[in-house]
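Visitor: Handing you this structure, nothing more for now.
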């Protein structure tokens, strides 16, 4: 699978802008969502290859949304990378148990993030 489309889910407009700018400059088609409901609408409209998922959001949090996405057969090919300020090992383990394929802590190191995305190619 060549990663082309990325959905960034984060309730911070600053983070959405930073990640969208970084990824689009690298040639990825980027869509954004500010909460779980919007993320599910985006998934229904255009299936991304990768989702960058924040954890702390209003409504469903990123752990809950990751679990819902990764347990749904319609989204079996979508890879989720948790992208969060929650930097405890227990958070990382819990995120991976919800179905995330990787975990990165904010502030995001651009080179590390790009390497993790390229690892799915």
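Only the coordinates and a few stated rules stand behind these numbers; no lab work does. Source: prediction; values computed, not measured. We place every Cβ from the backbone using ideal geometry, glycine too, and count neighbours over all the protein chains shown.
Visitor: Looking at (i) 6.5; (ii) 8.4; (iii) 7.2, which value of mean projected area of the Cα convex hull in nm² comes from a calculation on the structure shown?
Guide: Identified label for the calculated read-out: (i).
Visitor: Residue 72 to residue 56: extension gain in nm, 0.36 nm per residue of separation minus the Cα-Cα distance?
Guide: Contour length minus Cα-Cα distance gives 3.6 nm.
Visitor: Follow-up. Using a Förster distance of 25 angstrom, determine the FRET efficiency expected from the C-beta separation of residue 46 and residue 93, and round it to 0.05.
Guide: 0.20
Visitor: Cα centroid distance between region 92-115 and region 1-72, in Å?
Guide: So the separation of the two Cα centres works out to 13 Å.
Visitor: Grab the Cα-Cα distance for residue 25 and residue 119, subtract it from 0.36 nm times how many residues apart they are, and report the gain in nm with one decimal.
Guide: Contour length minus Cα-Cα distance gives 32.0 nm.
Visitor: Among 84-93, 47-56, 4-13, 28-37, what's the highest-first ranking by average C-beta atoms within 10 angstrom per residue?
Guide: By packing density, highest mean first, the sequence is 47-56, 4-13, 28-37, 84-93.
Visitor: What percent does the relative contact order of the chain come to when contacts are Cα pairs within less than 8 Å and at least six residues apart?
Guide: 25
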